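Written out below as structure tokens is the structure these notes cover.
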């Protein structure tokens with residue numbers, strides 16, 4: 001018997017074709033149509049869709065499409081509202097319109113008029129059956145016709161009023177609200193009825209012990225002012241520099257001039273009624289300028305004099321007038337000099353200062369005398385000193401001295417000033433020698449020196465730097481400096497060897513000079529005749545990171561050059577880096593990498609700008 005694989009293949013199958021089956025253990029034949037009649041055919045449907053029967057008559061299930069506005073998700077069909085976009089647009093809302101609402105999970109229709117029932121009218125507000133919202137005019141109010149039972153007494157009461165609170169006003173028949181602050185600002189003084197001549201019984205508004213306004217009479221106010229008058233103090237202002245009088249600053253006060261200054265004034269600026277009092281307590285004359293008319297005919301207020309200054313208007317115009325007190329008696333012996341004191345004290349000297357007498361005749365000169373404290377006799381330091389200050393020198397260190405000043409003029413000798421006592425300071429030890437003298441920078445005509453302050457001896461007040469041409473025996477020049485430990489020595493000769501020495505000193509004397517250091521100035525600027533590149537930038541280099549080494553041969557060999565970078569073959573760099581002599585005629589430097597990317601060119605030239613030379617090949621910075 002042939003196997004199934006040995007049977008020929010059927011080209012097609014029909015319902016009448018038969019196939020073998022086993023039925024109760026007996027082999028039988030059955031038609032294909034009969035066999036499949038009892039089976040469910042395969043159902044094929046696209047997603048998402050439903051299965052149903054849309055054709056007439058008997059038949060199998062058919063695919064039903066899901067329309068717009070419905071969503072099939074996990075076997076559940078729901079509405080998603082997308083079909084609403086096709087609804088007609090309602091242009092207005094009427095009382096017959098309806099709304100769909102969710103009422104405890106159940107959809108219901110609501111008539112539009114029912115919406116207003118969820119609102120309730122507040123105080124003085126009404127909503128009628130047509131939905132009109134309106135204000136209610138309180139009963140009993142002028143013009144009221146509503147008859148509503150509104151009464152201001154039913155409102156809550158406030159005890160304070162803020163600036164932002166609102167007040168009801170009627171403006172040209174229309175109701176408005178205005179802030180309380182604006183309501184008060186609306187009351188201007190020109191709205192008030194004019195008053196008659198003032199009487200003691202007239203009243204003013206005042207605040208007394210709080211923000212509440214109370215009434216006060218002019219009579220009571222005048223009594224208060226009269227009680228305060230005895231305690232009134234005129235303020236005083238010290239002037240130590242040239243000043244132009246101002247009405248807002250200087251009116252009604254005493255101006256104490258502690259220095260011999262110049263005061264100016266303008267009638268147009270001060271105005272009618274200005275007044276001030278001038279007192280000159282300085283040791284010099286007070287000058288009045290700017291058209292001030294004086295009672296003495298002079299524009300000077302002498303030491304110790306006063307001047308009352310007014311600005312007033314009369315038939316001629318407005319002027320500034322100064323009434324100057326009587327001048328010092330020019331026909332008498334001067335009084336005593338004032339306020340003798342010290343401006344500075346050293347180990348061998350004391351600087352004195354005093355003020356001119358304010359009594360007697362004017363002083364034409366001063367005599368300064370001193371003595372050791374406790375001694376009985378005086379030593380004259382100076383006679384006919386015309387200034388009000390003098391330095392007494394050649395004193396012993398760490399000694400107490402008394403000083404006195406006597407004013408004199410052609411009429412005689414005035415009284416002694418106050419005795420001023422002061423001690424000179426202890427003499428400082430002579431400093432030791434400066435050390436570590438080195439040459440930092442040289443050019444064709446200058447040398448910069450640096451040194452270390454002495455580590456022994458007294459403190460240094462200054463230094464003297466000496467120099468000479470190397471090989472000579474005499475120091476030809478010296479420069480005094482402050483206590484700084486460096487100096488630029490200029491005016492030297494190019495290409496010349498110099499010796500340098502530094503000496504420290506103070507008030508007690510000079511220290512031994514430092515060790516001598518020798519330096520050679522470079523050739524005269526402008527002598528660079530040629531530059532030949534030896535090491536040049538190749539790149540690429542990082543933007544702004546590190547430095548780039550360059551060097552070049554220079555003619556003449558000792559002529560200093562500088563290096564720089566430019567983005568142009570024709571325009572030199574903006575900044576330069578000074579080169580250093582490597583050996584023989586080779587000069588080099590490390591130049592900072594450019595901070596901007598691109599193509600750059602290396603440049604070199606003499607430090608004076610001579611012989612500018614550019615390397616023709618660019619290097620790249622990224």
Query - Single condition residue 529 does not satisfy, out of (1) over 30 Å from residue 451 (Cα atoms); (2) at pLDDT below 90; (3) surrounded by 13 or more Cβ atoms within 10 Å (Cβ to Cβ) - result: (3)
Query raised in the report: Taking residue 448, is it in contact with a strand residue (DSSP E or B) (Cβ under 6 Å, 6 or more places away or on another chain), in contact (Cβ under 8 Å) with a residue 12 or more places away in the chain and under 14 Å from residue 485 (Cα atoms)?
Result: yes
Query - Tally of residues being within 59 Å of the chain's Cα centre (by Cα) and assigned to a loop (DSSP other than H, G, I, E, B) across region 116-135 - result: 6
**Report entry** Number of the exception - residue 239 against (1) in contact with a strand residue (DSSP E or B) (Cβ under 6 Å, 6 or more places away or on another chain); (2) farther than 30 Å from residue 289 by Cα
**Finding:** (2)
Query raised in the report: In region 281-298, how many residues are part of a loop (DSSP other than H, G, I, E, B), over 40 Å from the mean Cα position of the chain (by Cα) and surrounded by fewer than 21 Cβ atoms within 10 Å (Cβ to Cβ)?
Result: 8
Query raised in the report: Can you pull out the residues in region 431-456 that are surrounded by fewer than 18 Cβ atoms within 10 Å (Cβ to Cβ) and farther than 30 Å from residue 559 by Cβ?
Result: 432, 435, 452, 453, 455, 456
Query raised in the report: Would region 505-520 turn up any residue that is assigned to a strand (DSSP E or B) and within 48 Å of the chain's Cα centre (by Cα)?
Result: yes
Query - Hits in region 176-194 (condition: exposed (fewer than 10 other Cβ atoms within 10 Å of the Cβ) and modelled with pLDDT of 75 or more) - result: 193, 194
Report summary line: Of the residues in region 467-504, those that are in contact (Cβ under 8 Å) with a residue 24 or more places away in the chain, under 45 Å from the mean Cα position of the chain (by Cα), in a strand (DSSP E or B) and exposed (fewer than 14 other Cβ atoms within 10 Å of the Cβ) come to 486, 488
Query raised in the report: What residue, of 308, 364, 359, is outside the structural domain of residue 273 (by TED's automatic domain parsing) and surrounded by 14 or more Cβ atoms within 10 Å (Cβ to Cβ)?
Result: 359
Query raised in the report: What about residue 320, is it closer than 22 Å to residue 235 by Cβ and in contact with a helix residue (DSSP H, G or I) (Cβ under 6 Å, 6 or more places away or on another chain)?
Result: yes
Requested in this report: With respect to residue 502, determine if the residue is assigned by TED's automatic domain parsing to the domain that holds residue 449 and modelled with pLDDT of 90 or more.
Outcome: yes
Query raised in the report: If you take just the strands (runs of 3 or more DSSP E) that sit entirely in region 302-404, which of them hold at least 3 residues that are without any contact (Cβ under 8 Å) to a residue 24 or more places away in the chain and over 48 Å from the mean Cα position of the chain (by Cα)?
Result: 379-385
Requested in this report: Could you check residue 278 against (1) surrounded by fewer than 20 Cβ atoms within 10 Å (Cβ to Cβ); (2) over 30 Å from residue 393 (Cβ atoms); (3) under 45 Å from the mean Cα position of the chain (by Cα) and say which number it fails?
Outcome: (1)
Query raised in the report: Could you list, in sequence order, the residues of region 551-582 that are touching a residue at least 60 places away in the same chain (Cβ under 8 Å) and either within 47 Å of the chain's Cα centre (by Cα) or in a loop (DSSP other than H, G, I, E, B) (or both)?
Result: 558, 560
Requested in this report: Report the residue count in region 523-550 for those that are under 19 Å from residue 597 (Cβ atoms) and either under 43 Å from the mean Cα position of the chain (by Cα) or not assigned by TED's automatic domain parsing to the domain that holds residue 612 (or both).
Outcome: 9
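The values are calculated or read from the model by the stated rules, or taken from the named source; none is laboratory data. Computed from a predicted structure; not experimentally measured. Positions of Cβ are generated from backbone atoms using ideal geometry, with glycine treated the same way; all protein chains shown enter the neighbour counts.
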